[in-house]
Each structure stands twice: as structure tokens, then as C-alpha cells.
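FYI, it's all coordinate maths here, none of it is from the lab. Just so we're clear, the structure is a prediction, and the values are computed from it rather than from any experiment. Every residue, glycine among them, receives a Cβ derived from its backbone with ideal geometry; neighbour counts consider all protein chains shown.
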Amino acid sequence: MITKRDKQDVGQRLLARFRATGAEEVAPDILLPAESLLDLYGEDLRARAYVTADPIRGEMMLRPDFTVPVVQAHMRTGAEPARYCYLGEIFRKQDMGDTRPETPRDHEYLQCGFELFSRDPAADAEVFALFHEALAPLDLQAETGDMGLLLDAVAGLPLTQARACALSHHIWRPGRFARLLARFSRPAVARAFPDSTAPWAGMRSEDEMIRRIARLQADAAVPPLSPVWTERLERLFALRAPASDALPALVELARDMPAIAPAVDRIHARMDAIAARGIDLGAVIFDASHGRTTLEYYDGFTFTFHADRTLPGRATWPPVASGGRYDALTRVLGRGREIPAVGGIIRPGLVAELEASA
Amino acid sequence: MIRLGVPSKGRLMEQTFDWFAARGVRLSRAGSDREYAGRVEGAEGVQLVLLSAGEIPRELAAGRIELGVTGTDLVREKLAGWSSDLVELAPMGFGHADLILAVPDCWRDCRDLDDFAAITRDFRAQHGFRLRIATKYHRLVRAHLAAHEVADYQLVDSQGATEGTVANQTAEAIADITSSGETLRANNLRILDEPPILRSQATLFAARAALGPDLDAFAAVLGLQSGGVSGRG
């Protein structure tokens, strides 16, 4: 049995490693205002986070994540480049479906994290290498991706702006994305908008509806997307290989999809920088779809470190560590100010379990 | 002793009494209409407990009653992981109601969930906040919209008069239980052309922990599950 104390010790050891890079240790509040978190993450967060009420401050949330309060604090006071580290509890409830799981996930657990605000393009490699080194004895599988690559690929499709916007908006929702892509690949059908005798009601204005109807009517005249593009996009999304093999495959794909060439160059430079830090690219998986099922705020480089989930009791384990680049988040939280930012978290509890079973 | 929880008033109580009577078990209130004690004739070792329908799921899960009659909507909304605690013994064929998503009828461009997802996205960009859906079925609606990957919305709590929230501008859409759709139409709301989020009806539930010979015997009296309920997974 691994006690909370043991997990705390592991967390302190990881934190010391982050601190040794010169990072400033921060301790964000545990009770956070719910509004900005909910606006950012949406209703899904309400299913996962503990919400409570304060008579003066309104709806508050037990810290479901460190990134947002760290970014907010940096936007208020920080100068660049800045490195922050932290260790503390995260609270997540588990809203199970019809059946209770046999091994429920922890509803409070430690996260030890590191965030780097810097305009230096080598920041991705610095953060990845730091996590790689901290976790090296545990024999984890490193996986990486790049959301910028997928967003550029979608932006480069020969689509109207309205269609391209809708597709990229849903890139984090694979089912809806696939349905939209299938719809754009079929000849458009003009649809009817039956009259209604009902009086106008609610805050959505009639103008907004008329604009959308005009957009849909214009869309009905748009020729379908050629299957060759769907096939290229699917080929890109399906790319999953050791980074050393994925890089030439990406260069090959960029011949057919020139829009991804700058992203491919960026990934190449990042991987070179990672290799220069002594990491074997043959052992790091590059998965083009890696970031699609993670949080929506990652918009560039993404990474995870997984334990072997085929071992008993580990099938539902989350990643031992995860992170990525979230420039867009700083744009949303910075009210116009934007700072390139990359970071990640390790779960000391899982590290302690792995060390105990080694 | 098997404690049987039954809704304490209204049509739901009467129809429950009728359902049991048709199976040879006579349930009745003891004494006056204001008394929440009950009588059971036609079965041994069964005690009638009259409760608010909304409390029956919780009482079953807590083991304070062994059997209970309530809507599938209430069980699924109120009990996370309900099937780990409860077993559905019999759908009872009344109290039918669908949990549906409805939008203002004046939205001529909104027919299905794809339209709805696109409108939530436009609305958020236009108004700077997420489109609001008024409901009291938070868990069911959230799970349904998550499964269909609708993202740019928020739920606002509405424990009553939900159909009025759109006209009052406290919500843009609603998710609620309806049987005939009349109240929706009267409030100029229209159900999306989609299967309902949940089809609910009054159902006889058993607490999983109470499954055993006593329950089997009572189920046999009711003509349910000739093989016995205790073997059901």
C-alpha cells in the first residue's frame, strides 16, 4: 500500500528536479473561481470538477488543473522568459455511466508540473527532455504529436472559409469532424427552411439565423471536396511511427499537402533539438492524431508518457505524464496579450506505484 | 420483510395500485388520504411505503426499501452507476415520458443535432458566452451531448417552468420531460428531429443487495421472471 506520504515524497523529489532548472515554485489557490474555468473547458468540466458556492465570490471550483491559474498569475505579474514549477492536489470527480467501475480512479491526486513561457523555439525540446530525464528510470513509452500540423492541414484543404473554420473547430471532436468531412465530400443538397408562425423568442436574434441560412444556401452551391484530399488527410491523421521513421513520412506527405510544409519543418527542428539532447528518436512515437483526444487548449506540440497498460490493473491508467504547447490559452486568458507557453505535469502517485512494483 | 416504495400521490400512485391489483396484489392507503402508511393484501411479508417519486431511487440505493416504483429518468439522472445498485424488474407500461431537447420554433434553420452544434458555435462567437440549455436533468443531458460531441453550450438549472426560460431569456434551449408535447408547443418550442435523450416509463426496480428468495417469491406472485430475479446479473 502506497501512502499519500510516499506519493508526496516522490512529488517533492520531482519538484526539486524542476526547481534545479531555475524554475520558480508557485502555489496557486485550491479554490478557484469557476466561471473562467467553465467558460474555457465547457460543460464537460462540470461533470469532472467539484463545484461549490461562496456567498460572496459565487461559484468556486476545487482546483481541477494547474495550468489555468499558473497562466493567469504569469499574465498578471510575470516577465519572460519564465519557468514555473508546482506540486499539489488536483480534484476530479468521476461521473460514471450506468455501471460503477471496479477500480475507480482517484478523486484527488498530486500533480507535479513545470511551465515555460518563452519565445525561444527550442522551448518544446527543453520541456520534453526535462520530463524524459525525470521519468527515464521508469521505462515509459513517450508519444508526441503536433496540433499545429493538423490545423495547417485542414486550413490547406481547398474548402470555403466557412467549411474550413467548421472543420478546424471540431478537430478535437473526431466523430463530428468525420461527419463534417464526409458531408463536404458529397455533392451539397439544397435544403428547405420551412416557415414558422411562431413569434421570435430568446436571445439568439433573427439576424443570426438569417446569416446562417444565407451561409447554408451559399454552401449548397459549393462543389464537393475531391476524394484525393480526404485520402491525404486520412493518411496524415493515421501516421503513427517512431519519430525517426515519421519524419521522412511527413516530408513525403508535405509533397502532396504543401500547406503542412512549415509545420513539418518545425517538427523536424524540434525532433533534431530533442535528439541533440541525447534522446533516441527511434524510441519516441510520433502520432499525428496524438493531441486530438487531449484537452482543447493544446494547439502545438503535445506529449505523453505511458506505463505499460497491458499489465494487470493498469488498463485504465491515465498517462504518467502529459503536456504540450498552449499558446492559444494564453491568448484567451491574457486579454489580448499572448505568450508562447509549453509545459506539462507528472502524476507522482503513479510514479510511486511504478517504483514500488519495480 | 420486503419494503415496497410507491409514489405517494397522484396518477402515478393510482396507476401503480392498478398495476399491482391486476396481478392479484391489493395496495391501499391505510386510513385517510393524508396518511402516508399503506396496506398490502394478496402477498405475505410485503410492506407498502409511500414516498415522493423523486426520493425512491435514493431510498433503493441506500437499502431503506427493497422494491420501488419510479421513472427510469429519475433513476438514471439521480444515481451515478445505477445498474451497480439496482435491477429493473418490470417496465410497467404507464408514466411514459421522453427526455427531449427543444429549441424555439422560430429557429427555422435548426432541425437536428448537427444544426444545433453549429448554432451553439455561432452563438458563442456572437454573444461571448455559451448557449444556455435549461434543464433539471444535468447528468443525462451532459452525457448525451458529450456522446454526440456537442461542445459550445452550458446547462442552467431549472427545477420548474422550464418551458418559460426561453421567452424569459434565461436560456436559449431546453431539455425536459414531455409526454404529449403540448406545453412545448404552447411555449413556441419545437423538439429536434432526433431520437429522445431517454425514453422513460414507470418501472419496478429492485435493490441489487436485496435480491434473494424473498424477492423471488414476491416476483412469482406478480408473475414476473419465472426463473427468479436473484439470478439476474
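Side notes on the structure shown:
- For the stretch A:65-168: rounded, prolate or oblate by the Cα gyration tensor [a/c cutoff 1.5]: oblate
- Förster radius 30 Å - calculated FRET efficiency between A:A178 and B:R199, Cβ distance, rounded to 0.05: 0.65
- Helical mean residue ellipticity (222 nm; -39500 (n - 2.57) per DSSP H run of 4+; nearest 500) of chain A: -13000 deg cm²/dmol
- Considering only A:A136, A:A321, A:A243, the mean-square fluctuation computed in a Gaussian network model of chain A, springs between alpha carbons under 10 angstrom, is largest for A:A136.
- Inter-chain shielding of B:106-113 (mean C-beta neighbours from other protein chains, 10 Å cut-off): 6
- Between helix B:113-127 and chain B: long-axis angle, C-alpha atoms, 0 to 90°, nearest 10: 50 degrees
- Helix content alone sets the calculated 222 nm mean residue ellipticity of chain B: runs of n ≥ 4 DSSP H residues at -39500 (n - 2.57) each, divided across all residues, give -8000 deg cm²/dmol.
- Long-range amide H partners of B:L204 with built H, under 5 Å: B:L89, B:A90, B:M92
- Among the residues of A:179-190, the average count of other protein chain beta-carbon atoms within 10 Å of the residue beta-carbon is 1.
- The fraction of Cα-Cα pairs per 10 angstrom bin, counted from 0 for the stretch A:258-358, comes to 12, 36, 35, 15, 3 percent, rounded to whole percents.
- Counting DSSP beta bridges with both ends in chain A, the antiparallel % (nearest 5): 90 percent
- A:R186 paired with A:Q141, simple spin-label distance in nm, labels 7 Å along Cα-to-beta-carbon: 3.6 nm
- Here, P(r) means the percent of Cα pairs in each 20 Å bin from 0 to the largest distance; for the protein assembly as shown it is 17, 43, 32, 8, 0.
- Once the Cα-Cα distance is subtracted from the 0.36 nm per residue extended length, the B:A161 to B:A146 segment shows a gain of 2.9 nm.
- In plain terms, the chain from A:E80 to A:A315 could stretch by 80.6 nm, reckoned as 0.36 nm per residue minus the Cα-Cα distance.
- Between B:E14 and B:A125, the FRET efficiency from the beta-carbon distance, with R0 = 56 Å, is close to 0.65.
- Loop-resident GluC sites (Glu not before Pro) (DSSP state other than H, G, I, E or B) in the stretch A:52-125 with no more than 13 further Cβ atoms inside 10 Å of their Cβ: A:E102.
- DSSP-loop trypsin sites (Lys or Arg not before Pro) across the stretch A:1-61, with at most 13 other Cβ within 10 angstrom: A:R57
- Charge sum, other residues only, whose C-beta stays under 10 Å from B:E77's C-beta, Lys/Arg counted +1 and Asp/Glu -1: +3
- Taking the stretch B:97-199 and dividing mean pair separation by its residue count, relative contact order in percent (alpha carbons under 8 Å, at least six apart): 48 percent
- Under the Karplus curve 6.51 cos²θ - 1.76 cosθ + 1.60, θ = phi - 60°, whole-Hz ³J(HN,Hα) for the stretch B:17-28, x wherever Gly or Pro sits: 4, 4, 4, 5, 4, 5, 10, x, 10, 9, 9, 7
- Simple label model, 7 Å out from Cα along Cβ direction - B:A37 to A:V51, nm: 4.3 nm
- Overall dimensions of the stretch B:82-188, expressed as equivalent-ellipsoid semi-axes from the Cα gyration tensor (√(5λ), whole Å, largest first), are 26, 18, 13.
- Sites excluded, chymotrypsin sites (Phe, Trp or Tyr not before Pro) in DSSP loops with at most 15 other C-beta within 10 Å, longest stretch of chain B: B:130-233
- For the stretch A:84-90, backbone phi angles converted through the Karplus equation (6.51, -1.76, 1.60; θ = phi - 60°) give residue-by-residue couplings of 10, 9, 7, 9, x, 7, 10 Hz, Gly and Pro being listed as x.
- Note on the protein assembly as shown: dipole from Cβ charges, positive end direction compared against A:S289, A:M209, A:A241; the farthest Cα belongs to A:M209.
- Around the Cα centre of chain B, unit charges on the Cβ atoms of Lys, Arg, Asp and Glu (plus for the first two, minus for the last two) sum to a dipole of about 440 debye.
- Order by protection proxy (mean Cβ within 10 Å, highest first), peptides B:8-16, A:61-69: A:61-69, B:8-16
- Extension gain (nm, one decimal) between A:A220 and A:E338, 0.36 nm per residue minus Cα-Cα: 38.7 nm
- With the alpha-carbon atoms of the stretch A:113-235 aligned to their principal axes, the span from lowest to highest coordinate is 68, 39, 28 Å, starting with the largest.
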